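What follows is a set of notes on a single structure, which appears directly below.
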Amino acid sequence: MADFGAEFGPGALTSYLVVAAVLFTAGTLAMSTRRNAIGVLIGLELMLNAAALQFAAYGRFRQGAPDPQGQTAAVFVVVAAAAEAAVALALLFAVYRTSKDVDLERTRELRS
Amino acid sequence: MIETLLFWTCCLSAIAGALLAATVRNLFHAALLLGLSLVGVAGLYLFLEAQWLACVQVVVYVGGILVLVLFATLFSSDVMGALQRTPLWLRAVGTLGALLAGAVAVRLAQTAMQAAHRLEAARGTTAVADTIDGDSTATIGDLLTSAWLVPFLAAGLLLTVALVAAVATVQRFRQPSEATPNG
């Protein structure tokens, strides 16, 4: 902790990793404690976002020279998140139509 | 100076938005706080010299996914009122699990940093990042159409399948009373 700015500034890998770790923790917390399906989805998005941030950060601080492939991988994480959100919300609507509720504790089936 | 200030603002909004989105009772507020966190991460992408990724983050995440989540939040029941209370035991177990996940993430980061330092020592060069020359957007475009072409096409396929599946899912579980007479 000799130089706080060098260790945790915009030019240090550590700061991005800390932010990503906190984001992942918050996502896990939301996923495991929310009973509403939308809350779980929010947690999932947070976790995916943490993963994408790590890809970009590791690519940027790669040994030798920055590697844009980290950013490219992060773009694919965003794409996967978009596809996942679309399907998850469609399922949510289906559940809502059959049971008028999105409480995961009480949702057991999709058949009406 | 101003750069450092902006950096910490982005970090703070990303972290505070995420933690509050995970804990506030009101789901509508949680969705809005998720937006704050996503914008903070977009700012961090700018500091990582990933301008295009920051644009994608804002357009796809904030403009697309967040709007979908907000729409679903407003559509489903019990939005502003007493949302289902999480039992205390579940909250305790969830917090414990989340802390565990955070600890694993920190440990992994530590390992990666140590490996980087060892490499640095072995090669005799520093791990301080050089700046990417100008904009990395053109490089990403080249990568997407060369080395990453197959994943790129697969992503297109994935999005198409997801869209069709979403429509099919909603159609299939339509209630009998809502169904059209001849369909």
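The values are calculated or read from the model by the stated rules, or taken from the named source; none is laboratory data. Because the structure is a prediction, the values reported are computed rather than measured. Here Cβ is always computed from backbone atoms with ideal geometry, including for glycine, and neighbour counts include all displayed protein chains.
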Worksheet item: Before we move on, is A:L53 more than 19 Å from B:E49 (Cβ to Cβ), under 11 Å from the mean Cα position of the chain (by Cα) and not small (G, A, S)?
Response: no
Discussion item. Within the stretch A:74-83, does at least one residue satisfy the condition of being without any contact (Cβ under 8 Å) to a residue 12 or more places away in the chain and out of contact with any helix residue (DSSP H, G or I) (no Cβ under 7 Å at 6 or more places or on another chain)?
Written reply: no
Worksheet item: Filtering the stretch B:3-23 down to residues that are surrounded by 16 or more Cβ atoms within 10 Å (Cβ to Cβ) and more than 8 Å from chain A (Cβ to nearest Cβ), which residue is nearest to the chain's Cα centre (by Cα)?
Response: B:G17
Discussion item. Checking A:A51 against (1) at pLDDT 90 or above; (2) assigned to a loop (DSSP other than H, G, I, E, B), only one condition comes out false. Which one?
Written reply: (2)
Worksheet item: What pairs come up if the first residue lies in the stretch A:23-42 and is more than 7 Å from chain B (Cβ to nearest Cβ) and crowded, with 24+ Cβ neighbours inside 10 Å, the second is among the acidic types (D, E) and in a helix (DSSP H, G or I), and their beta carbons are under 6 Å apart, counting only those six or more places apart or on different chains?
Response: none
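How many residues does the stretch B:20-63 contain that are over 26 Å from A:R60 (Cα atoms) and either modelled with pLDDT of 90 or more or assigned to a helix (DSSP H, G or I) (or both)? So that I can check it myself, show each step before the final result.
Residues of the stretch B:20-63 that are over 26 Å from A:R60 (Cα atoms), as a first pass: B:20-33.
Filter again for either modelled with pLDDT of 90 or more or assigned to a helix (DSSP H, G or I) (or both), leaving B:20-23, B:27-33.
Total meeting the criteria: 11.
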Item to complete: Please work out which residue is surrounded by the fewest Cβ atoms within 10 Å (Cβ to Cβ), limiting yourself to the stretch B:135-165 and to residues that are touching a residue at least 40 places away in the same chain (Cβ under 8 Å) and not in a helix (DSSP H, G or I).
Response: B:D135
